[in-house]
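Participant: This is the structure, below, for whatever I ask next.
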Amino acid sequence: MSMQPRIDPAALRGALMPRISRRDLFRYAGVGAGALGLSAILAACGVEGEGGNGAPTGGAEGSPEWWAALQEQGPGDLVNFTNWPAYIDVARDREGNRTRPTLDMFTEATGIDVVFRADINDNAAFYAQIRPAFESGQDTGHDIIVITNGQQLSEMMALGYLIQLDHSLTPNFNAQVGPVHKDPAYDPGNKYTMAWQSGFTGIAWNTKFVDEPVTSFMDLFNEKYEGHIGVFGNEADAPSYAMVALGINPETSTPEDWQKAADLLIEQRDRGIIRKFYDQAYLTDFENEDLWITMAWSGDIINDKLYFPEFATFEFTTPEEGAVIWTDNMCIPAGAANPLGAIMLMDWYYKPDIAARLTEWNAYVSPVPAGGEIVQADADAAKGGNKAVLETIAGSPYVFPTPELSEKSFSYRVLEGDEIEQWNDLFLPIFLD
Amino acid sequence: MLAMAGLALQEGTSLEGFRLTWRFANFTDALSKYDEFFLRSLRNGAIVTGASLLLSYPIAYWIAFYGGRFKTVFLFLLLLPFFVSFVIRTVSWSFILSDDGIVFGPLKSIGLLPEGFRVVGKTFAVLAGITYNLLPFTILPLYVSLERIDKSLVEAAKDLYSNKVQAFLKVVLPLSLPGVFAAILLTSIPAVGDYVNAAVLGGPGTAMIGNVIQSEFLVARDYPEASALAFILMAAMLVGATLYARLLGTEEITT
């Protein structure tokens, strides 16, 4: 909906006729506004939440009948897939062009083209970008988006900005999804989401500069590394992390626990040792050695270390106090142009061989456990440098979590109602200062 | 403006929607919560405007008086980098000034700078970034007013036995004041409201009010509070600019 008070063009044209002087025009405008009352204008520019006329959830979008009707029409011939950077397998063909094998195979199998964009760097910023389209009931231009479990995802589900999935169309998902990614706490029954990958928020360090073993969250407090310590500035990672460090399970944490975590983060900040509160850009600074030790997302670091010789000195661990695990979810935004093509592509990534290829490339936690055996088999069959890479991936607890690690892994807190504001008011100012 | 004022008086959450409740406390809440950031922004704005004037005046002066027939060429060269997007230029600076980047790397390895020296993430980087990005807004108005000065006036001053410095202080500087006035106005307003430089070149302790508004709007999705903050900033700038124009400007700016 429009944020501007509407002005009738005809009235405007009339008012600008020369028989009325400029001075008169202003006077009339003043009187008019006074007479109408300011509140009418102000009320007209409110922002609608739930129950607004914005989202096109009315009617049958997402209902079984709607999906059935779509199936009769058949999928459109193009899917717009928007994801995070460094998250999908890339290769070069004989001419040296960049290709994305798992997507190309999808196009080959179904005849549906995929436009892939790595446009998401931050959940909050991306959500703010597409929210106006949702509010006005328009197509966001994306058929699949990948959003981390958290405030933005919960809000999109609650406001009807996502299309309900029809799991009769996702045979691979139904057969292959692992226990961690089936029926998650933030989306019971996978009504709106299917996991893309999960990952751990842990600590990465560069052994060129940090030569002692890193084991704990408190290593990010070491004044020796002043100015070269990175901490995430999003609303979920650092707070959850601080709670784990304090021995609190963030999933079941209370506002008192949050306060303790906030105090710890403030103490860390006020030591003046942190370089910056980061988003995805931490990886660039870590790669060019401005950061020596930083909060990091597991796959980013493992992938760098495995595939680039210049990053051989990178290390990643989850602290002994416990690990923070999150899930990036594929979902279909309301108003999407090709939802059927989208759900087909989402399900495509639950084929074990496709899932295995993806894991071999991005080194994140796959929602398809059966892919693990394929990675292992590929590792056994491979030769040379490739073998070492695949064996590392197949054996990494951060790609195929061991039971011990899973036991010590915690998810973000699912926030409801007033808790959201309470959480944000407590934590966001820390990262601002 | 009205829309923003309206939003600033609403109450609610982004999940349940916002309703107009004439909640003026949004303004006082915003001020008391974030006064520190307002002050920091005003301080940064003042420093940047001052630095920018000091840097720009000699440049504009030189081009106007000694540029000859290449004046436009010099101006064009000066503006050339600014054809590249604002954000890209700022990100490039964070690259150029990185701890072991192309500037500090060599200086450190020959021992001119201590190992721990860094610029990015400090207030200095933010101030320098804003100053750089706003340089054209200072140079151009200065140049216009300096260029219009009749050179024979300077000669006349010299004929009347003033030396170079006196001629500058008594003739050129007063005649260029309208340009200085405009330059201050054009530079200080975007400087106070800037948030890109603090986000890209800054670190903990450098966030400005623009960053607070961005966070309130994007992350917390507290639209009323974000609007209240933006409204206060705008109102303060408007009042400041009006006072400034009343006290110092008007007559000169019309000459």
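Participant: What base-10 log of the normalised intensity I(q)/I(0) is obtained for the stretch A:244-294 from the Debye formula, alpha carbons as equal point scatterers, at q = 0.21, 0.27, 0.30 Å⁻¹?
Facilitator: -0.85, -0.97, -1.05
Participant: Which FRET efficiency value, to the nearest 0.05, is calculated for A:THR99 and A:PHE209 with the Förster distance at 35 angstrom and r the Cβ-Cβ distance?
Facilitator: On the way: r = 36 Å, r/R0 = 1.04.
Calculated value: 0.45.
Participant: With a Förster radius of 25 Å, plug the Cβ-Cβ distance of B:ASP150 and B:TRP62 into 1/(1 + (r/R0)^6) and report the FRET value to the nearest 0.05. List each step's numbers first, then the result.
Facilitator: Working: r = 18 Å, r/R0 = 0.72.
About 0.90, to the nearest 0.05.
Participant: Kindly write out, for the stretch A:153-159 in residue order, the coupling ³J(HN,Hα) from the Karplus curve 6.51 cos²θ - 1.76 cosθ + 1.60 (θ = phi - 60°), rounded to whole Hz, with x marking Gly and Pro.
Facilitator: 4, 4, 5, 5, 5, 5, 8
Participant: Here is a follow-up. Please give the Cα centre distance for the stretch A:359-396 versus the stretch B:149-202, rounded to the nearest Å.
Facilitator: 66
Participant: If you don't mind, another one. How far apart, in nanometres, would the label points at B:THR28 and B:MET234 be if each is projected 7 angstrom from Cα along the Cα-to-Cβ direction?
Facilitator: Between B:THR28 and B:MET234, the simple spin-label model gives 2.4 nm.
Participant: Given Cα positions, please report Rg to Rh for chain A, the hydrodynamic radius being the Kirkwood one.
Facilitator: Details: Rg = 25.1 Å, Rh = 24.0 Å.
Ratio of gyration radius to Kirkwood radius for chain A: 1.04.
Participant: Using only Cα atoms and rounding to the nearest 10 degrees, what angle (0 to 90) does helix B:123-147 make with the longest principal axis of chain B?
Facilitator: Compared with the principal axis, the helix lies near 50 degrees.
Participant: What order do you get for B:THR206, B:THR21 when you list them from fewest to most C-beta neighbours inside 10 Å? Show your work: numbers first, answer last.
Facilitator: Numbers: B:THR206 22, B:THR21 13.
The order, fewest Cβ neighbours first, is B:THR21, B:THR206.
Participant: Short version: ³J(HN,Hα) in whole Hz for each residue of the stretch A:286-298, in order, from phi by Karplus 6.51 cos²θ - 1.76 cosθ + 1.60 (θ = phi - 60°), x for Gly and Pro, what are they?
Facilitator: 5, 5, 8, 6, 6, 9, 9, 9, 7, 4, 8, 9, 3
Participant: Let me know the Kirkwood hydrodynamic radius for chain B, please, with Cα pairs as the basis and the value in Å to one decimal. Before the final figure, lay out each step's value.
Facilitator: On the way: mean 1/r = 0.0477 Å⁻¹.
The answer is 20.9 Å.
Participant: Using only C-alpha atoms and all pairs of different ones, pull out the Kirkwood radius for the stretch B:144-193 in Å with one decimal. Intermediate results must be reported in sequence, preceding the final value.
Facilitator: Values: mean 1/r = 0.0833 Å⁻¹.
Result for the stretch B:144-193 stands at 12.0 Å.
Participant: Just to be sure I understand the model, the point goes 7 Å from the Cα along the line to the Cβ. What's the resulting A:ALA118 to B:LEU55 distance in nm?
Facilitator: 3.3
Participant: Not counting the cut sites, what is the longest span of chain B without chymotrypsin sites (Phe, Trp or Tyr not before Pro) that DSSP labels loop and that have at most 14 other Cβ atoms within 10 Å?
Facilitator: Working: sites that count: B:TRP22, B:PHE24, B:PHE117, B:TYR161.
Answer from the scan: B:162-255.
Participant: While we're looking at this one, here's another question. Could you give the distance between the Cα centres of the stretch A:105-163 and the stretch A:305-324, to the whole Å?
Facilitator: 30
Participant: Something else: Rounded to the nearest 10 degrees, what's the angle between the helix A:418-432 long axis and the longest principal axis of chain A, both from Cα atoms, 0 to 90?
Facilitator: Once rounded, one gets 70 degrees.
Participant: HN-Hα J couplings of the stretch B:163-172 from phi, Karplus 6.51/-1.76/1.60, θ = phi - 60°, integer Hz, Gly and Pro as x?
Facilitator: Those phi angles translate into 7, 4, 5, 4, 4, 5, 5, 9, 10, 5 Hz.
Participant: Using alpha carbons only, how many degrees (0 to 90, rounded to 10) separate the axis of helix A:255-270 from the longest principal axis of chain A?
Facilitator: 80
Participant: Report, in listed order, any pair from A:LYS351/A:LYS408; A:LYS276/B:LYS108; B:LYS71/B:LYS164; B:LYS71/B:LYS151; A:LYS224/B:LYS108 with a Cα-Cα distance greater than 26 Å.
Facilitator: Long pairs (Cα-Cα over 26 Å): A:LYS351/A:LYS408.
Participant: Roughly what would the spin-label model give for B:GLU11 and A:ASP263, points 7 Å off Cα along C-beta, in nm?
Facilitator: Taking the two extended label points, one gets 3.2 nm.
Participant: Moving to a separate point now. Which values of log₁₀ I(q)/I(0), to two decimal places, follow from the Debye formula for the stretch B:66-137 at q = 0.13, 0.21 Å⁻¹ with a uniform point scatterer at every Cα?
Facilitator: Taken in order of the listed q values, log10 I(q)/I(0) reads -0.52, -0.92.
Participant: Now, a different point. Per the Cauchy relation, a quarter of the hull surface: what is the mean projected area of the convex hull of the alpha carbons in the stretch A:286-433, in nm²? Walk me through the numbers before you get to the answer.
Facilitator: Numbers: hull surface 51.2 nm².
Dividing the Cα hull surface by four gives the mean projection, 12.8 nm².
Participant: When A:SER240, B:SER94, A:SER63 are ordered from fewest to most other Cβ atoms inside 10 Å of their Cβ, what list results?
Facilitator: On the way: A:SER240 26, B:SER94 23, A:SER63 13.
With the sparsest Cβ surroundings first, the list reads A:SER63, B:SER94, A:SER240.
Participant: Treat every Asp and Glu Cβ in chain B as -1 and every Lys and Arg Cβ as +1, leave all other atoms uncharged, and give the resulting dipole magnitude about the Cα centre to the nearest 20 debye.
Facilitator: With Lys and Arg at +1 and Asp and Glu at -1, about 620 debye.
Participant: In a shell of Cβ-Cβ distance under 14 Å around A:TRP348, excluding A:TRP348 itself, what net charge do Lys and Arg (+1) and Asp and Glu (-1) give? Before the final figure, lay out the partial values.
Facilitator: Values: positive: A:ARG100, A:LYS351, A:ARG357; negative: A:ASP89, A:ASP104, A:GLU108, A:ASP113, A:ASP143, A:ASP347, A:ASP353.
Once all neighbours under 14 Å are counted, the net charge is -4.
Participant: Here is a further query. With +1 assigned to the C-beta of every Lys and Arg and -1 to the C-beta of every Asp and Glu, and no other charges, what is the dipole magnitude of the protein assembly as shown about the Cα centre in debye, to the nearest 20?
Facilitator: My answer is approximately 3800 debye.
Participant: How compact and how long is the stretch A:200-300, expressed as Rg and Dmax of its alpha-carbon atoms in Å?
Facilitator: Both quantities, over Cα of the stretch A:200-300: 13.1, 40 Å.
Participant: Please identify the trypsin sites (Lys or Arg not before Pro) of the stretch A:250-338 that satisfy two criteria: DSSP loop assignment and at most 15 other Cβ atoms within 10 Å. Which are they?
Facilitator: Within the stretch A:250-338, the qualifying trypsin sites (Lys or Arg not before Pro) (loop, at most 15 other Cβ atoms within 10 Å) are A:ARG271.
Participant: Also: How long are the semi-axes of the ellipsoid equivalent to the stretch B:74-189, from square roots of 5 times the Cα gyration tensor eigenvalues, in whole Å, largest first?
Facilitator: Values: eigenvalues 291, 71, 32 Å².
The answer is 38, 19, 13 Å, longest axis first.
Participant: If we count other beta carbons within 10 Å of each Cβ, what is the order of B:MET234, A:MET346, B:MET1, A:MET295, fewest first? Could you put the intermediate results ahead of the total?
Facilitator: Values: B:MET234 15, A:MET346 26, B:MET1 9, A:MET295 23.
Result, fewest neighbours first: B:MET1, B:MET234, A:MET295, A:MET346.
Participant: Shifting gears a bit: For the stretch A:129-258, divide the Cα radius of gyration by the Kirkwood radius and give the resulting Rg/Rh value with two decimals. Don't skip to the answer; put the middle values down first.
Facilitator: Numbers: Rg = 19.2 Å, Rh = 18.2 Å.
Reported Rg/Rh, Kirkwood definition of Rh: 1.05.
Read-outs: derived from the displayed coordinates by stated rules, not from any lab. Note that this is a predicted model, so its numbers are computed, not measured. Cβ atoms come from the backbone with ideal geometry, glycine included; neighbour counts cover every protein chain shown.
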